[in-house]
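All remarks here apply to the structure that follows.
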Amino acid sequence: MLDDPTVSVRDRAEIALQVIALHHKTECEPSFGETEAIAPSTPSGGDVEFPNPQPIPLDRYVLLENFLSPEENQQALNIAIDRCEQFVSSGTTNQTTNYRQSSVLYATLYTEFYHLLKQRILQVLPEVLTQLDRTPFRIAELEMQLTAHNDGGYYKVHNDSGSPETATRQLTYVYYFHRCPKPYSGGELRLYNTDLASGRVVDSDCFTTLEPQNNSIVFFDSRCQHEVMPVRCSSKHFEDSRFTFNGWLRQ
């Protein structure tokens, strides 16, 4: 593909970078790419090694409040507002239309904050896995994106590891932040009890609903079927959006 003249220069460059990243990801952190799949490290710089995960009830979650300092929480909001023109429309891995309405900002545009949040996530990860009753696993990558849901924004029922490209995602995290008092309503996260064998929702009328709380973070199994309920933002101003730093830990 690198020698194929029908492949664009941009695509060939991305392919080359991903090949290099795959080669070196066990030795050092690769450069940021458009996939934002960054190999993590522990705060001390060493690899995090865990055995394979075990099946768990797939509506279980861990919610941590006051996850960052007030200054860091404000820094997250400043990043979102200051870079409003750099957000792009979000999509899905299978290119389904009318399934998701939001915009995203990739981690290449906030590398310093990416590393800060990644370090905090890795610090609490052992306790999170304990509460989820998960056997720890080897972390190969930590993905991150900044997502904004404004008036009418939503994401229908899905899981985060249901395609060949996402199959290695093990754990999903969502860090919430917004202006105070909260300038929108809705946007709840619904977690459905998911059948492990089929990957389907066990009962669509049985779910856990989590309200977006400023400066809180939630962790759950990436196989869990979930959705973001519609957001209502009367001002329709971008700075009044439901903001999240969300991403996945891959094995």
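Bear in mind these aren't lab numbers, they're just calculated from the coordinates by the rules spelled out. Since we're looking at a predicted model, the values are computed, not measured. A quick note on method: Cβ atoms are made from the backbone with ideal geometry, for glycine too, and the neighbour counts reach across all protein chains shown.
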### Query
Got a sec? How would Leu249, Leu129 order by Cβ neighbour count within 10 Å, fewest to most?
Leu129, Leu249
### Query
Counting Lys and Arg as +1 and Asp and Glu as -1, what is the net charge of the other residues whose Cβ lies under 13 Å from the Cβ of Leu191?
-4
### Message
Please state the shape class of segment 123-251: rounded when a/c is under 1.5, otherwise prolate if a/b exceeds b/c and oblate if not, all from the C-alpha gyration tensor.
### Response
prolate
### Message
Let me check I've understood the local charge: for Asn98, count other residues with C-beta under 15 angstrom from its C-beta, Lys and Arg +1, Asp and Glu -1. What total comes out?
### Response
+1
### Task
Calculate, for Val104 and Glu65, the FRET efficiency according to 1/(1 + (r/R0)^6) with r their C-beta to C-beta distance and R0 22 Å; round to the nearest 0.05.
0.35
### Query
Once phi is turned into ³J(HN,Hα) by the Karplus curve 6.51 cos²θ - 1.76 cosθ + 1.60 with θ = phi - 60°, what whole-Hz value does each residue of segment 137-154 show in order, with x for glycine and proline?
9, 6, 8, 9, 8, 10, 9, 8, 8, 9, 10, 10, 10, 9, 3, x, x, 6
### Query
Could you give the nm distance between label points at Gln131 and Lys156, where each point is 7 Å from its Cα heading toward the beta carbon?
3.2
### Query
In nm, what is the difference between 0.36 nm times the number of residues separating Thr166 and Glu112 and their Cα-Cα distance?
16.9 nm
### Message
Can you tell me the length gained on complete extension of the stretch Lys236 to Gln86, counting 0.36 nm per residue apart and subtracting the Cα distance?
### Response
52.2 nm
### Task
Provide Ser185, Ser89 in ascending order of the number of other Cβ atoms located within 10 Å of each residue's Cβ, fewest first.
Ser89, Ser185
### Task
Neighbouring Cβ atoms within 10 Å as the yardstick, rank Thr194, Thr111, Thr208 fewest first.
Thr111, Thr208, Thr194
### Under 13 Å, Cβ to Cβ, from Gln170 - net charge with Lys/Arg +1 and Asp/Glu -1
+1
